[in-house]
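The values are calculated or read from the model by the stated rules, or taken from the named source; none is laboratory data. Everything quoted here is computed from the prediction, not taken from an experiment. Quick reminder, even Gly has a Cβ in these numbers, built from the backbone with ideal geometry, and neighbours come from all protein chains shown. Surface accessibility is based on the protein's heavy atoms, side chains included, excluding ligands, DNA and RNA. Shrake-Rupley method; radii C 1.70, N 1.55, O 1.52, S 1.80 Å.
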Amino acid sequence: MSKVVQIFAWVLLGVGGAISFYFVISAGVDGINVFGPGKIDFSITGQFGDFIGGVVGTLISGSGFIFLYLTFKEQRESVAKERFESKFFDLLKIHRDNVSELNYSKFENSREENYLGRKVFQVITKEVQDCLKEVRNYASTKDVDDYVTPEYKNYLIRIVLVKNKKIDLYELISIDLAYSIVYYGLSKEGEMILRRIFKFRYKHPFFIKLIKFLQMKPKRENDAAFEKWKEFKSLAPARRNNIFEELYNKSDKDILTGYSADALTYKSLIEQIKYYGGHQHRLGHYFRHLFQSYKFVNTQKLPDNEKYFYGKTLRAQLSTYEQCLLFVNSLSSLGFKWEYDPEPIDLVNQSEKKRMNRLDLISFYNLIKNVPGEHFLDIAYKDYYPKVRFESDEQGWKSTKVK
């Protein structure tokens, strides 16, 4: 738009100059020598000057006003961009501080391991992988009607129709269950939160039993209990299910009733400290700030290529495991706002709203560009984000071109 206005100002100058030139030449042809030697006839030159000043002067004044407006506008935009960049780099620094302040202590192979900074994401990603496997193993079928409420199923179907018909509802449900469990943990407080958020999404008998089943998994530092858990999981499905049903029913209803020998063998697992302790205090602030940073960039009145440049600068700070965890987070109900269910932006101008309320933060900014391989536990990245230009795709293209 500014370019068009600038061209218009130059056109006004050109028209004014052309008119002046034309009338000077016309005056000479008519025998009126405006700039010639001799005494000036003000009765003639005055009229000529009045005309030039009235017509040409107005055009030049208009052109000057436009150039002045454009100068002020450019200065204002320059100041706004400086403010934006200052705020952006402040957000970038806060992100780095958030990562550097992360710490997580857990036991591996009977000894305590302390993880700091980006290493924390690697450990949490491993926990999500473990939980996802256990959720899949616990689920008896892949029929989503066995797990989800009809209302939530319809909501997920709308997502699939809009985003990509290749999306597997069972996978989407498994990711949400596993990530939510790892995020909130299975302590008493975590269980209360999970019960509340799962109540309207998943069928009651299924998700309650899933929580109770995974609560039996003890923390790794208790070697005896952890070996007993591994032994329990390796039992024949029918026997394992019978034991679990007995433990589940008695612990909830009549704890004084006697247990069978099998149930007594594994009853102690219920009382152990839980393996999934929760990471809400670690990941909550991290993902909220990361989302707000991209939302801040996305709502700026900048060309898309400039937005992408700043988004790419922030993305360069994300490690491989951060991007893996972001992928899982974005496919859970906790992270749908990234792309699958974005937060609306309240703007009066509908065209502006359409431009700024982008539904593809991860796809547009290629936020999971550097995830390794082509899938996360058999969940293909491209099924969920087909528009992302993955690094592995670029490497494959280069190797093909070399051949």
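Step by step: first the residues of the range 221-256, then only those that are at pLDDT below 80 and of a type in the set (A, V, I, L, M), then the one that is surrounded by the most Cβ atoms within 10 Å (Cβ to Cβ). Which residue is that? Filtering the range 221-256 for residues that are at pLDDT below 80 and of a type in the set (A, V, I, L, M), the one surrounded by the most Cβ atoms within 10 Å (Cβ to Cβ) comes out as Ile255.
Which of the following residues is open to solvent by 10 Å² or more (accessible area, probe 1.4 Å), under 28 Å from Arg220 (Cα atoms) and assigned to a loop (DSSP other than H, G, I, E, B): Tyr259, Tyr276? Show your work before the answer.
Values: Tyr276 fails: open to solvent by 10 Å² or more (accessible area, probe 1.4 Å).
Being open to solvent by 10 Å² or more (accessible area, probe 1.4 Å), under 28 Å from Arg220 (Cα atoms) and assigned to a loop (DSSP other than H, G, I, E, B) holds for just one of Tyr259, Tyr276, which is Tyr259.
You will find that of Val128, Val120, the residue that is modelled with pLDDT of 90 or more, open to solvent by less than 60 Å² (accessible area, probe 1.4 Å), in a helix (DSSP H, G or I) and under 15 Å from Tyr179 (Cα atoms) is Val128 and no other. Selection over the range 188-220 of residues that are under 26 Å from the mean Cα position of the chain (by Cα) and either open to solvent by less than 10 Å² (accessible area, probe 1.4 Å) or closer than 19 Å to Leu269 by Cβ (or both) gives a count of 4.
Here Arg136 fulfils each of the conditions (1) under 30 Å from Glu306 (Cα atoms); (2) of a type in the set (D, E, K, R); (3) surrounded by 16 or more Cβ atoms within 10 Å (Cβ to Cβ) apart from (1). Checked against (1) more than 19 Å from Pro218 (Cβ to Cβ); (2) open to solvent by 70 Å² or more (accessible area, probe 1.4 Å); (3) not acidic (Asp, Glu), Tyr147 passes all but condition (2).
Could you tell me which of the residues Leu326, Leu331 is open to solvent by less than 30 Å² (accessible area, probe 1.4 Å), under 30 Å from Asp130 (Cα atoms) and in contact with a strand residue (DSSP E or B) (Cβ under 9 Å, 6 or more places away or on another chain)? Give the derivation first.
On the way: Leu326 fails: in contact with a strand residue (DSSP E or B) (Cβ under 9 Å, 6 or more places away or on another chain).
The match here is Leu331.
Take the residues in the range 167-187 that are under 21 Å from the mean Cα position of the chain (by Cα) and assigned to a loop (DSSP other than H, G, I, E, B), then tell me which one is surrounded by the most Cβ atoms within 10 Å (Cβ to Cβ). Please lay out each step first, then the result.
Of the range 167-187, the ones under 21 Å from the mean Cα position of the chain (by Cα) are 167-169, 171-184.
Now drop any that are not assigned to a loop (DSSP other than H, G, I, E, B), which leaves 167-168.
Details: Ile167: 20, Asp168: 17.
Ranking the candidates gives Ile167 first.
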